[in-house]
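J.: This structure is in structure tokens; I'll ask about it shortly.
The values are calculated or read from the model by the stated rules, or taken from the named source; none is laboratory data. Since the structure is predicted, the reported quantities are computational estimates derived from the model, not experimental observations. Cβ: placed from backbone, ideal geometry, glycine included. Neighbour counts: every protein chain shown.
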Amino acid sequence: MEKIDIKSLDYGELQAYFKELGEKSFRAGQVYQWMHEKLADGIGEMTNLSKSLRETLNETCTYTLLEPVNILTSGIDGTQKYLFRLADGNVVESVLMKYRHGNSVCISTQVGCRMGCRFCASTIGGLTRCLTVSEMLEEVYRIQKLSGERVSNLVLMGTGEPLDNYDNVVKFIRMLSDGHGLNISQRNITLSTCGLVPRIRELAEENLQITLALSLHASSQEKRKELMPIAYKYGLEEVLDACRFYFDKTGRRLTFEYSLVGGVNDTDEDAAELVKLIGGMNCHVNLIPVNPIEEREYVQSEKKVIADFKNKLEKCGINVTIRREMGRDIQGACGQLRKSYMEQKESEAEE
């Protein structure tokens with residue numbers, strides 16, 4: 001008999017499962033609290049359950065826990081990067097960023113990624129598999145337990161394309177914001193996508209209050225194709241129409257992420273085209289100085305170029321920020337820590 005992934009069951013599903021077991025419904029509430037509020041490390045910790053019930057749960061369920069392989073702490077800003085091992089031996093990375101307004105965690109949604117964005121370390125090696133609901137929850141739970149810090153904000157911007165793991169990601173968001181669990185406000189959750197148009201439209205109908213962040217990274221279809229293979233499937237206007245649909249349905253201001261690559265998408269012409277493209281939309285532009293990676297020749301734009309690009313957008317009434325670089329000294333960029341770990345393992349295997 002296949003075991004049930006108990007930590008991936010939402011509150012209603014857990015109640016139904018306990019009913020099948022012939023247990024009183026309040027037991028489901030107790031177990032849910034142990035898993036999602038008290039963040040228990042195992043069923044054995046659930047001391048208000050009978051020994052026989054705990055044995056039944058151990059026999060019929062799997063209990064997802066992530067094992068920390070490496071934790072790096074930035075000497076610059078206190079950012080912490082976590083490398084976690086999954087039950088099947090795969091590894092994923094997550095980041096804790098500390099801000100004055102609260103602690104933010106960036107999680108991965110997949111092991112690897114198949115989107116192929118040219119400047120991203122996460123996509124080198126392709127996609128291995130999607131993460132389960134419980135594995136994504138565990139990224140948040142482990143960080144909160146290991147750091148002793150309350151997590152108040154979440155970004156789905158780590159390794160993987162969240163909308164390529166659609167059902168699990170939506171369920172994860174609902175469970176993380178559930179009053180029976182950590183109860184993180186949906187308004188404090190941001191989902192970043194490279195632009196899977198049908199899924200953006202589907203997400204708009206989910207009645208969630210999360211922020212949608214589109215990885216835009218170019219002001220023209222031609223240039224976007226150079227940087228992001230997804231642009232061959234969905235044109236820029238098609239993607240922006242989906243974003244407008246998301247805003248119309250949710251009322252949530254859109255975020256456009258724009259990685260500035262030196263000499264590629266940071267010219268005056270690029271800024272002017274971007275203004276034409278998104279001017280008039282209720283949006284925020286997050287300019288990101290690109291993190292150079294060995295496998296690509298892309299370089300970071302110069303500081304003056306970044307500042308000038310920002311000023312040009314602001315003069316045209318567009319709300320802009322330059323993303324503060326966090327954890328640069330600890331391979332803070334997406335995919336870098338996992339990639340170096342995998343390379344080390346391959347080297348050891350060859351030896």
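J.: Restricted to segment 121-154, and to residues that are crowded, with 19+ Cβ neighbours inside 10 Å, β-branched (Val, Ile, Thr) and modelled with pLDDT of 95 or more, which residue is nearest to Leu208 (Cα to Cα)?
T.: Result: Val133.
J.: Please pick out the residue among Val275, Val264, Val320 that is at pLDDT 80 or above, assigned by TED's automatic domain parsing to the domain that holds Ser192, hydrophobic (A, V, I, L, M, F, W, C) and in a loop (DSSP other than H, G, I, E, B).
T.: Details: Val275 fails: in a loop (DSSP other than H, G, I, E, B); Val320 fails: in a loop (DSSP other than H, G, I, E, B).
Exactly one of Val275, Val264, Val320 is at pLDDT 80 or above, assigned by TED's automatic domain parsing to the domain that holds Ser192, hydrophobic (A, V, I, L, M, F, W, C) and in a loop (DSSP other than H, G, I, E, B), namely Val264.
J.: Please verify whether Thr62 is β-branched (Val, Ile, Thr) and over 23 Å from the mean Cα position of the chain (by Cα), treating the condition exactly as stated. If you could, list the steps in order and put the result at the bottom.
T.: Details: β-branched (Val, Ile, Thr): yes; over 23 Å from the mean Cα position of the chain (by Cα): yes.
Against the criterion (β-branched (Val, Ile, Thr) and over 23 Å from the mean Cα position of the chain (by Cα)), Thr62 qualifies.
J.: While we're here: Just one of Arg328, Arg244, Arg338 is in contact with a Leu (Cβ under 9 Å, 6 or more places away or on another chain) and either among the hydroxyl-bearing types (Ser, Thr, Tyr) or at pLDDT below 90 (or both); which is it?
T.: Exactly one of Arg328, Arg244, Arg338 is in contact with a Leu (Cβ under 9 Å, 6 or more places away or on another chain) and either among the hydroxyl-bearing types (Ser, Thr, Tyr) or at pLDDT below 90 (or both), namely Arg338.
J.: Which one of these does Met35 not meet: (1) part of a helix (DSSP H, G or I); (2) more than 33 Å from the chain's Cα centre (by Cα); (3) surrounded by 17 or more Cβ atoms within 10 Å (Cβ to Cβ)?
T.: (2)
J.: Being in a helix (DSSP H, G or I), touching a Cys at 6+ places or on another chain (Cβ under 8 Å) and farther than 19 Å from Ile71 by Cβ narrows it down to one residue among Ile173, Ile200; which is it?
T.: Ile200
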